[in-house]
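Asker: Below is a structure I'd like to ask you about.
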Amino acid sequence: MIKNEIVKQISTLLKGENLTLESISVEESSFGDYSTSFPLKLTKFKSYQTPIEVAKFFVSKLQKNTLFSEVTATEPGFINFKLNQKEAAKMLLEIIRQEKYYGKTSPNKNKKARVEFVSANPTGPLHIGNARGGPIGDSIASVLEKTGFQVQREYYNNDIGTQVDIFGDSLIALIKTKLGEKQEIVEEKTYQGEYLEELAEKIIKKLSLTSIETVQNKSEEIKALASVTLSEEIIVDCQAMGISFDEIIKESEFQSSGKTEKVVAKLKKKGLTKEKDSAVWFAPNDAYLKDRESVLVRGDGRATYFADDIAYHEEKFESKPDLVVNILGSNHHGHVPRLQAAIASLGFDANKFKPILYQYVRVRRGNEVVKMSKRAGNYVTAREVLDEVGKDAFRFLLLFNSANSHIDFDLELAKKHKADNPVYYVQYAHARLSSILKKASPLDLDKFDPGLLTTAQEFSLIKKILEFPDLVFELSESFAIHQLAHYSISLAELFHHFYEKDKVISSNQELTHSRLALIRATKITLENSLSLLGVSAPESM
């Protein structure tokens with residue numbers, strides 16, 4: 001809100017001087033409340049020779065804005081802004097009027113975005129590692145919507161490929177064993193776990209499998225049913241995380257429809273393939289892309305996951321989106337540059353493609369590392385963690401760290417009803433805000449006097465509230481969604497500090513209602529930030 005206002009003021013002045021800048025950056029600053037260094041970008045401006053002279057010129061113009069109590073210039077060319085506390089407090093009224101729409105802006109109005117996330121193989125229950133991409137993708141999608149994007153949330157079901165084949169063979173072998181055929185199981189080449197036992201029993205019953213012969217005759221049907229069953233289970237787990245998808249796309253459909261074959265043929269026609277070891281390789285001839293070679297079609301004629309993914313992204317870009325976001329595990333680090341190269345080779349704007357790679361999750365119970373699941377056998381499932389800690393703690397703690405960092409997810413911390421649990425701390429702040437508003441007489445905005453909100457803790461809280469729209473817009477470009485979780489904690493902390501120092505309800509009616517307005521605006525902002533994180537804002541705890 002404030003950053004946007006500063007940018008707007010500067011842009012207006014630049015326009016009056018027939019000058020434009022691609023971007024004007026405004027940051028929080030220790031020299032004031034906000035600071036910008038845009039004069040350093042101007043190599044020529046009127047008769048001024050140095051950035052500090054340019055800064056002083058703009059200071060003389062910007063000082064007229066009553067939103068700021070002081071605007072100053074410092075070397076080598078910074079402009080610093082100190083907010084006028086009363087003018088800033090006046091903005092609480094607009095926040096209260098906007099309610100759930102506070103933070104919503106429209107710089108991306110009429111733009112389209114496609115966000116793909118989770119996209120797990122249907123070879124077992126959703127594990128905690130893949131599940132991390134769920135809250136990240138869902139919250140980024142919500143942030144994009146808050147800035148005007150029309151967002152399509154997508155799940156790419158990798159229902160074919162080597163791992164799916166190995167899983168299918170493992171299941172067939174297990175079913176045959178259950179029906180009396182002795183099998184020599186090579187553990188390192190098979191899927192195992194309680195879930196596989198459950199699935200085998202379910203399929204035996206559903207398909208009325210009574211003999212080895214019936215298993216052999218129905219092997220493809222068994223594999224198809226297993227894939228559908230596990231895919232549905234993964235989607236149910238996503239729903240438990242508070243996630244729903246607008247579209248679920250099957251990888252197999254790109255091969256069965258001929259789309260993969262067509263895109264490979266298109267790359268061949270462009271001279272972007274070569275044949276080596278009986279296989280067809282993607283081989284871009286651009287010097288920058290020469291190390292992006294990868295197999296498209298194997299020697300036996302089967303298309304690879306890479307080829308299918310190119311076909312999928314061709315379909316995405318043909319729908320003319322303004323933004324394509326992929327949330328992927330860090331094990332895709334080699335796949336991403338090849339895919340970017342393929343997108344560019346097909347003539348699409350690869351700058352619209354924004355891949356986000358997230359790191360692994362380790363589950364702990366206090367100091368003890370939880371290495372495996374009771375059900376899956378060799379990893380911790382998302383469902384087990386969800387059932388133990390609940391959706392809110394699950395999402396908040398997965399979103400608390402940057403996607404670039406590894407996570408130690410502490411089950412014991414997630415369940416604590418104490419301030420050292422970040423999600424509890426934030427939710428408790430919201431419940432406390434709700435309680436104050438319930439106990440007080442109804443807020444009368446006619447008695448609101450911004451000039452009465454004069455304390456340092458009131459001003460700190462107001463400034464933090466006013467940061468929210470700017471943060472949402474910044475996240476729509478940076479995708480650093482963890483900053484929203486940290487913002488929620490900072491807002492909660494400033495509220496607690498204010499409430500401990502300043503009495504809200506008193507005999508002074510004007511001061512009471514002015515502070516109640518601050519409480520109401522804080523509650524709205526905290527609720528809206530939690531909503532973007534997909535975390536509930538309880539009225540009581």
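The values are calculated or read from the model by the stated rules, or taken from the named source; none is laboratory data. Treat the numbers as computed from the prediction; the structure is a model and nothing was measured. Every residue, glycine among them, receives a Cβ derived from its backbone with ideal geometry; neighbour counts consider all protein chains shown. These area figures cover heavy atoms from the full protein model, side chains too; ligands, DNA and RNA do not enter into them. Shrake-Rupley method; radii C 1.70, N 1.55, O 1.52, S 1.80 Å.
Asker: Distance in nm between label sites at residue 416 and residue 351, each 7 Å beyond Cα in the beta-carbon direction?
Answerer: 4.6 nm
Asker: For a quick protection proxy, order the peptides 375-386, 347-358 by their average other-Cβ count within 10 Å, most packed first.
Answerer: The packing order, highest mean first, is 375-386, 347-358.
Asker: Using only the alpha-carbon atoms, how far is helix 335-345 inclined from the longest principal axis of the chain? Give it as 0 to 90 degrees, nearest 10.
Answerer: Taking Cα atoms only, the helix is inclined about 80 degrees.
Asker: Once you have the Cα-Cα distance between residue 248 and residue 454, take 0.36 nm times their residue separation minus that, and quote the gain in nm to one decimal.
Answerer: 68.9 nm
Asker: Continuing with the same structure: So, in nm, how far is label residue 322 from label residue 362 when the simple model puts each one 7 Å beyond its Cα toward the Cβ?
Answerer: 4.2 nm
Asker: For residue 409, which sequence-distant residues (separation of 5 or more, or a different chain) have an amide H within less than 5 Å of its own amide H, given hydrogens modelled in the peptide plane?
Answerer: 362, 363, 364
Asker: Separate question: In whole percent, what relative contact order does the chain give with Cα contacts below 8 Å and a gap of six or more residues?
Answerer: Worked out over the chain, it gives 17 percent.
Asker: So how far apart, in nm, are the two label points at residue 69 and residue 220 if each is 7 Å from Cα heading toward Cβ?
Answerer: 7.7 nm
Asker: Which of the GluC sites (Glu not before Pro) across the stretch 483-541 are loop residues per DSSP, with 16 or fewer other Cβ within 10 Å?
Answerer: 539
Asker: Per residue of the stretch 525-537, in order, report the coupling 6.51 cos²θ - 1.76 cosθ + 1.60 (Karplus, θ = phi - 60°) as ³J(HN,Hα) in whole Hz, putting x for Gly and Pro.
Answerer: These are the phi-based 3J(HN,Hα) values: 5, 5, 5, 5, 5, 5, 4, 5, 7, x, 10, 6, 10 Hz.
Asker: List the pairs from 86/523; 56/104; 269/354; 15/86; 320/354 whose alpha-carbon separation is above 22 Å, in the order I gave them.
Answerer: Among 86/523; 56/104; 269/354; 15/86; 320/354, the Cα-Cα distance tops 22 Å for 56/104; 269/354; 15/86.
Asker: Using only the alpha-carbon atoms, how far is helix 133-146 inclined from the longest principal axis of the chain? Give it as 0 to 90 degrees, nearest 10.
Answerer: 40 degrees
Asker: Pop the C-beta distance of residue 21 and residue 268 into the FRET formula with R0 = 60 Å and round what comes out to the nearest 0.05.
Answerer: 0.85
Asker: Could I ask something else about it? With r defined as the distance between the Cβ atoms of residue 404 and residue 181 and R0 fixed at 41 Å, what FRET efficiency is calculated, to the nearest 0.05?
Answerer: The pair residue 404/residue 181 has a calculated efficiency of 0.25.
Asker: Take the solvent-accessible surface of the protein heavy atoms, probe 1.4 Å, and return the percent of it on the chain that carbon and sulfur atoms account for.
Answerer: Carbon plus sulfur share of accessible area: 48 percent.
Asker: What's the Kirkwood radius of the chain in Å, using all Cα pairs?
Answerer: 26.8 Å
Asker: Once R0 is set to 22 Å, what does the formula 1/(1 + (r/R0)^6) return for the Cβ-Cβ distance between residue 277 and residue 331, expressed as a FRET efficiency to the nearest 0.05?
Answerer: Efficiency, from the Cβ-Cβ distance: 0.35.
Asker: Kindly report the accessible area of the stretch 461-531 per residue (heavy atoms of protein chains, probe 1.4 Å, no ligands, DNA or RNA), in Å².
Answerer: 34 Å²
Asker: Give me the 1.4 Å probe accessible area per residue for the stretch 117-196, excluding ligands and nucleic acids, in Å².
Answerer: 36 Å²
Asker: Follow-up question, since we're still on this one. Which lysines does residue 374 reach when only Cα atoms under 26 Å apart count, and residues fewer than 8 places away in its own chain are ignored?
Answerer: In chain and number order, the partners are 176, 178, 182, 189, 202, 205, 206, 223, 391, 415, 416.
Asker: Measuring from a point 7 Å past the Cα of residue 11 along Cα-to-C-beta, which residues in the stretch 90-130 have an amide N at less than 12 Å?
Answerer: Counting backbone N atoms under 12 Å from the label point, the list is 106-108.
Asker: Which whole-number value in Å² is the accessible area per residue of the stretch 2-111, probe 1.4 Å?
Answerer: Normalised by residue count, the accessible surface of the stretch 2-111 is 58 Å².
Asker: Ordering 91, 541 by accessible area with a probe of 1.4 Å, largest first, what comes out?
Answerer: Per-residue accessible area, sorted high to low, gives 541, 91.
Asker: Here are some pairs, 100/352; 8/41; 3/109; which of them have Cα atoms lying more than 23 Å apart in this structure?
Answerer: Beyond 23 Å between Cα atoms: 100/352.
Asker: Assign one of three labels to the stretch 1-140, namely rounded, prolate or oblate, based on the Cα gyration tensor with a ≥ b ≥ c the square roots of its eigenvalues; rounded applies when a/c is under 1.5, prolate when it is not and a/b is larger than b/c, and oblate otherwise.
Answerer: Note, shape of the stretch 1-140 comes out prolate.
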